[in-house]
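Note sheet for the following structure.
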Amino acid sequence: MTHDSDILIVGGGLNGPALALALAQAGHSVTVIDALSEKVRRNAAFDGRSYALALASVRLLSAIGIWERVAKNAQPMLEIKVSDGRAGEGAAPFFMHFDHAEIEEGPMGHMLEDRFLRRAFLEAMEETQGITHLAGETVIAQDIHPAHVSVTLASGKTLSGRFLIGSDGRASGTAERAGIQRTGWDYGQTALVCAIEHELPHKGIAHQFFMPPGPLAILPLPASMSSIVWSEKEETAAKFAELSDAGFMEVLRPRFGDFLGEIKLKGKRFTYPLGLTVANSFIADRLALIGDAAHGMHPIAGQGLNAGLRDVGALAQVLQEASHRGEDIGAPDVLARYQQWRRFDTSTLALATDLTNRLFSNDNPLLRLGRDLGMGAINAMPGLRRKFIREAAGLTGDLPALMRG
């Protein structure tokens, strides 16, 4: 039977195109079905939304030809400072400080704006033989057959392939249509996201400031700008989101502090609810899930996209190895290898971010003392500190070949 493509990918955000490039470069034909129009993705202006890309993720992006397109717009993260405290009171005396100079591989990661990454993926997909990008199309039905899959689009068109991949976010229609249940809970927190311009240079230092309602991440962007991811209780965040830009800056300043001098808002503000959601299975018949379709976690460690790119690297490697052995890439035992590789790792990471958020997002004096002493102890032990740095750089665990550099 002839197919429109070997592999159909539902979702044209970031993980879907990354996997499409990895698979096409390995000789597979791929169709990416993208709900957003190409014009919207291509013409995105500055809006402050950015990603903390771990070193392992940068390696993968380099391997599939994306990093060379975006490197000039990226900001290296040279240090990470983690502290605990209350708004307006400054940080506690015990903290963690991670410096990239303590590992040999280079910067722990880079900050990169969403608009540059999306545009680079669009251009790379256009230039790569074997990739068909269907923009402005949504899947309304999918059917799994013994040797192939088919999807029906809202436009009425039907596509067939050997294998279906869901990269369509936390509310994945692909997973739902496959009958895959999810486990998770709401945190009662909302993330307030924006970019700010500041008077003094950030020197490539990322800050994570834990406050009782939730953490505030200050992440360096090129020039004198930083990306803000501020987690607050739902009710408080809703009030802050309704404030004028000037009013918002008034509530941000005492939490931000004055270590970067005067600050002002740059671009738009965004909010999104925070919760944990993990698919009970990452696979079904002739189907696999990647990225947020498989797992969505708290942004506390900035691991969402990095975890998704690990899925990309793992699934691309499993399919390539199966193909070289002459196996059916949609066979249950092939997909089981992907699930075995990724499900434990992502579940562990999701629970670790959950535990960290619960441990730090409170004002219990005993917990506060314990975590501050713990951070001070970690900071005083070079060997343990180096392990945390390698973890932040994404260099631990069973890395896919595309992430090994």
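The values are calculated or read from the model by the stated rules, or taken from the named source; none is laboratory data. Nothing here was measured: the structure is a model prediction, and the numbers come from that model. Counting neighbours? That spans all protein chains shown, and the Cβs are built from the backbone with ideal geometry, glycine included. Note: accessible area is taken over every heavy atom of the protein model, side chains too, but ligands, DNA and RNA are not part of it. Shrake-Rupley method; radii C 1.70, N 1.55, O 1.52, S 1.80 Å.
A few comments on the model shown:
- The modelled label-to-label distance between residue 344 and residue 233, using points 7 Å beyond Cα along the C-beta direction, is 4.0 nm.
- Summarised in one figure, the compactness ratio Rg/Rh of segment 148-206, Cα atoms and Kirkwood Rh, is 1.24.
- Estimated translational D of segment 190-328 in µm²/s (Stokes, Kirkwood radius over Cα pairs; 10 °C; 1.306 mPa s): 91
- GNM flexibility winner over the chain from 272, 51, 338 (Cα, springs under 10 Å): 272
- If R0 equals 41 Å, the separation of the Cβ atoms of residue 242 and residue 123 corresponds to a calculated FRET efficiency of about 0.60.
- FRET efficiency for residue 355 and residue 2, using Cβ-Cβ distance with R0 set to 60 Å, rounded to 0.05: 0.75
- Length added when fully stretched, residue 147-residue 170, from 0.36 nm per residue minus Cα-Cα: 5.5 nm
- Once the C-beta distance of residue 285 and residue 325 is scaled by a Förster radius of 25 Å, the resulting FRET efficiency is 0.75 to the nearest 0.05.
- Spatially proximal aspartates and glutamates relative to residue 268 (Cα-Cα < 20 Å; intrachain offsets below 8 disregarded): 47, 113, 114, 197, 199, 232, 234, 242, 245, 250
- 4 °C / 1.567 mPa s Stokes-Einstein diffusion coefficient of the chain, Kirkwood radius on C-alpha pairs, µm²/s: 59
- Distance from segment 246-300 to segment 306-332 (C-alpha centre basis), Å: 29
- A helix-only calculation puts the chain at -11000 deg cm²/dmol for mean residue ellipticity at 222 nm, using -39500 (n - 2.57) for each DSSP H run of at least four residues, averaged over all residues.
- Low-density loop cleavage sites - GluC sites (Glu not before Pro) in segment 94-165, where at most 10 other Cβ are within 10 Å (DSSP): 104
- Summary value for segment 252-312: 26 percent relative contact order, contacts being C-alpha pairs under 8 angstrom separated by 6+ residues.
- Anchor residue 264: lysines whose Cα lies under 25 Å away (excluding residues fewer than 8 positions away in-chain): 72, 81, 203, 233, 239
- GluC sites (Glu not before Pro) within segment 187-290, DSSP loop, no more than 15 other Cβ atoms inside 10 Å: 199, 262
- Normalised by the number of residues in the chain, the mean separation of alpha-carbon contacts (under 8 Å, six or more apart) gives a relative contact order of 22 percent.
- For the chain, the longest principal axis of the alpha carbon atoms and the long axis of helix 15-25 meet at an angle near 50°.
- Solvent exposure of the chain as accessible area per residue, Å², 1.4 Å probe: 42
- Other residues within the sphere of radius under 14 Å centred on the Cβ of residue 393, judged by their own Cβ, net out at +1 (K and R +1, D and E -1).
- Sulfur and carbon atoms: percent of accessible area, the chain [1.4 Å]: 54
- Residue 2 accessible area, 1.4 Å probe, all protein chains in place, Å² to nearest 10: 120
- For residue 138 and residue 62, the difference between the fully extended length at 0.36 nm per residue and the C-alpha to C-alpha distance is 24.4 nm.
- Cα-based convex hull, segment 14-155, per residue volume (Å³, whole number): 195
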